[in-house]
Each structure stands twice: as C-alpha cells, then as structure tokens.
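Report on the structure given below.
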Amino acid sequence: MDSLPPNLTINGSRLWQSLMDMATIGATPKGGVCRLALTDLDKEGRDLFVRWCEEAGCTVTVDRIGNIFARRPGRDPDLPPVLMGSHLDTQPTGGRFDGVYGVLAGLEVIRSLNDLNYETDAPVEVAVWTNEEGTRFAPSMVASGVFAGEFDLEYGLSRADMDGRTVGEELARIGYAGDAPVGNRPLTAYFEAHIEQGPILEAEGKTIGVVTDAQGQRWYEITLTGQEAHAGPTPMARRKDALVGAARVVEAVNRIGFTHQPGACATVGLMQIHPNSRNVIPGRVFFTVDFRHPDDAVLARMDAELRAEVARIAAETMLDAEMEQIFYYAPVRFEESCVAAVRKGVERTGHSWRDMVSGAGHDACYVARVAPTAMVFIPCVDGISHNEVEDATPEWCAAGCEVLLLAVLEKAVR
Ligand code: GLV
Ligand code: MN
Ligand code: MN
Ligand code: MN
C-alpha cells in the first residue's frame, strides 16, 4: 500500500457529471429525485449504471433479489473482492445524493484505477443494493439484509407495496430478477460512502466523517380500530374515533423521543385514515413508528414505553389496537481495521475529519454482519436529506471519493 503511485487521484468533475446525469432520472420540479424502488425509473437508473460499468470494463452480475455487482478483476482471482456501494432508490421527495453518491463514488474509484492503469491484488466491486429506502417496500435495507442472512430470500421477494405488488414481481417486470445466489460469498471488506444526512460535519467545518457506529432501529406498524359514524348526529361521548387515538399516540411517540435525549429519534411518518371522508368519524387508522437510538438498552426502554402508551390510549379512547414490530436491528459497530483504513486514507488526503455515529440506516449496517465494513461520510448542505433540496458540493463529493479510493486500496493491495 505504501508503494501507491504518487499521482493517485480521482476525477471529481467526472464524478459530479455522473451524479447530475443520474439525477435526471426521476428529477422533480424542486430539484430533487423521486426514483422509488423497482419502478420504471429505478430500471432506467440501473440500466445507466450497468452501461457505465460495462464501459469501464467491469463484469456485471445480478443476484436473485436484484442486487447488482460490477467487478473489476484483481491480480489474484482467489482473493475475495473489496466491495463498495449503496443504493439507487430514493424517497418520494428524495434528493440527488442519498444512496446514489456511494454507488457512483464506487464507480469513480474503478474508473480512476482504470485511468491509472493500476492493478489491485483483490478484485474491486461496486454494488447497488435493492430497496434500501424501505419507502415503497418495508422494511428498508431488505436486500442487503438477505445478502447478510438477516432475512430469507422468500421474505425479501414477498415484501409488497401499498398496491399489493411484490418485490419479486416487480424485479421480474423490470428485468432485474437475476440468477446469482444472494450472499454467501466472502468479501475482503465493504466500504460505503454516503452523505451524512445530518448537520454535524457542515456545522463543524469538517469534510469527512469516519463512521465508527450506526444507531439501532425499531420500526412498528400500528392499527387502531374504532367505529365509523356520522359526524353530525353522533354525540362526542359515544364516539370511537380512531384518529383521536392515533393523534395521542403520535404525541406519545414524540414525548418518548424527547425523554431519551441525547440520542433518541422517534417519528410517525406514514398514516392512513379510513374512510378518510370529512363527515365520517374515522373508524380505522394505520400508521408507522420509527425509533432509533445508539444504545440498544435505551431502544428497548422506548419499545416498552410505546407498548404501554398504545395500550393505555386504546383503553381510554375505546379503540382496539394491533401493533407489530416489523423491523429491528441493534446498533452497529463498524470493523476496526476498516475504520482505520478510512482514517489512514483521510489523513493522507489532508482533508479535515472527525469520527461519527450514523443516524441513518445503511446497507453497510447489514453487510457489517458478514464482512469487515466501514463508512465514509461527507457533509450535506444544512444537514437536510430525504428532501428534494438535499445538496452537497462537488468538492465534498470528490473528497469522499478520494478517501474511498485510499481505503479500498488499503484492503485490496497487499
Ligand atoms: C433510510 O434511509 C433510513 O435511514 O431510514
Ligand atoms: Mn441512503
Ligand atoms: Mn435514505
Ligand atoms: Mn438510508
């Protein structure tokens, strides 16, 4: 690794141009991107990525849950690859960087190695993980979860959207139901570059986050059932209004988040009201809860408090409550030698940096279970993400990619 060529660098303007080209697929009027998992737009984005990888001389394979792997061979075909990657799917009001940055920074690493005519010992690969966001199909990170053995393949393929269309059907429809087995293959290391999605790096004037940990998550689906009734003749005291119960649970969720500071995050982000008519008392409300904390014990306390609050509120409002935890993973500690490779890389570049904990979930959180893993963060403007105005500068993007390149070489070169 210390025999690296002194001219080692990446092409920041080519990376930026690729990001902007990909951002035209699903572009929204406010400058963001809506490219939901396994839609026609996701297919378009995947096709463009695959074309770029083939042009860069990579061999592309697709596994049975639609994860794409583009491989640049190394000197020693027996060495397990060093993998980079992230996701191309976005939130409905997503931005131009969440996910796609890690994918295209990985591609830029491969393009730069080609430019330098530099041969690594281990092969180097870039992955696109299917359905990271969990917005169209819950839960998030489902395909990296199958890769890591957290979920069965059948579970992953059977996740359904609000219209009942499954991951398996949609993969087949867009031509990305591959035939490679999912996971069960060794990796030398996995590195995921990503925007921070929070305000810390920008506020501290730091260019790189060396991600040491990621906070744990619990996701729930709750249905409160009362009784539809006429909004006029039904006296207040007789009502079984499911939305009133849901509103109280939303308030409780928020309170639980504030109770467990520092660190807790608590969100109700999706709600469906039945029958959703202005002069009918709502008879049924379905909604979701997203809890996060870096300490698993606190996350467990938040879980217990939510269960108690839902039971109490349902009783007080004369509602039936069904509640299911649909997703859980414990806080993640990234692997020491991979974190050290990122630190060594950033020190070589001279960019300012700090260690940090990821607030968001990432495919790296599951891949970390089966391979030595770490992440590289770059700032995003005002810490805003999952929003069409999400923004980053070409300089930040280039800096993160340089660090990614150096971290990859630390593991891929003997
Ligand atoms: C996905 O973006 C998540 O962190 O929830
Ligand atoms: Mn992401
Ligand atoms: Mn996201
Ligand atoms: Mn995410």
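Every read-out reported here was derived from the displayed coordinates using simple, explicitly stated rules and does not represent laboratory data. Treat the numbers as computed from the prediction; the structure is a model and nothing was measured. Methodologically, a virtual Cβ is constructed for each residue, glycine included, from the backbone with ideal geometry; neighbour enumeration extends over all protein chains shown.
Quick look at the numbers
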{"read-out": "Loop sites in segment 320-384: trypsin sites (Lys or Arg not before Pro), DSSP, at most 16 other Cβ within 10 Å", "value": "Arg369"}
{"read-out": "Between helix 100-116 and the chain: long-axis angle, C-alpha atoms, 0 to 90°, nearest 10", "value": "0"}
{"read-out": "Tail beyond 41 Å, pair distance distribution of the chain (Cα, percent)", "value": "17"}
{"read-out": "Residue order, fewest to most surrounding Cβ atoms within 10 angstrom, among Val249, Val339, Val109", "value": "Val339, Val249, Val109"}
{"read-out": "Span from the segment 311-349 Cα centroid across to the segment 261-301 one, whole angstrom", "value": "15"}
{"read-out": "Förster-model FRET efficiency, 41 Å R0, Asn7 and Cys265, C-beta, rounded to 0.05", "value": "0.40"}
{"read-out": "Within a Gaussian network of the chain (alpha carbon springs, distance under 10 Å), most fluctuating of His87, His351, His274", "value": "His274"}
{"read-out": "Summed side-chain charge close to Glu133 - residues other than Glu133 whose Cβ falls under 10 Å, Lys, Arg +1, Asp, Glu -1", "value": "-1"}
{"read-out": "Distance histogram in 10 Å bins (all Cα pairs of segment 320-414, percent per bin)", "value": "13, 39, 32, 11, 4, 1, 0"}
{"read-out": "Inter-probe distance in nm under a simple model that places probes 7 Å from Cα toward Cβ, at Asp47 and Glu335", "value": "3.7"}
{"read-out": "Whichever lysines have a C-alpha closer than 17 Å to that of Lys344, once near sequence neighbours (fewer than 8 apart) are set aside", "value": "Lys206, Lys411"}
{"read-out": "Folded to 0 to 90 degrees: helix 12-23 orientation relative to the chain principal axis, Cα", "value": "30"}
{"read-out": "Sorted by Cβ neighbour density within 10 Å, fewest at the top, the residues His260, His194, His293", "value": "His260, His293, His194"}
{"read-out": "Qualifying lysines (Cα of each under 28 Å from Cα of Lys43; at least 8 residues distant if same chain)", "value": "Lys30"}
{"read-out": "Where only alpha carbons of segment 343-388 are counted, the Rg and the Dmax (Å)", "value": "13.0, 34"}
{"read-out": "Dipole magnitude of segment 137-254 about its Cα centre (Cβ charges: Lys, Arg +1; Asp, Glu -1), debye to nearest 20", "value": "460"}
{"read-out": "Likely footprinting exposure, Ile208, Ile68, fewest C-beta neighbours within 10 Å first", "value": "Ile68, Ile208"}
{"read-out": "Candidates per trypsin sites (Lys or Arg not before Pro) in segment 55-84, loop by DSSP, up to 13 other Cβ within 10 Å", "value": "Arg75"}
{"read-out": "Cα pair distances of segment 218-329 binned at 5 Å [whole percent]", "value": "2, 13, 23, 21, 16, 11, 7, 4, 2, 0"}
{"read-out": "Table column - 3J(HN,Hα) (Hz), segment 86-91, Karplus curve with 6.51, -1.76, 1.60, x for Gly and Pro", "value": "4, 10, 9, 6, 10, 6"}
{"read-out": "Relative contact order (%) - criterion: Cα under 8 Å, at least six apart; region: segment 105-222", "value": "14"}
{"read-out": "Net dipole in debye of the chain [+1 Lys, Arg Cβ; -1 Asp, Glu Cβ; about Cα centre; nearest 20]", "value": "600"}
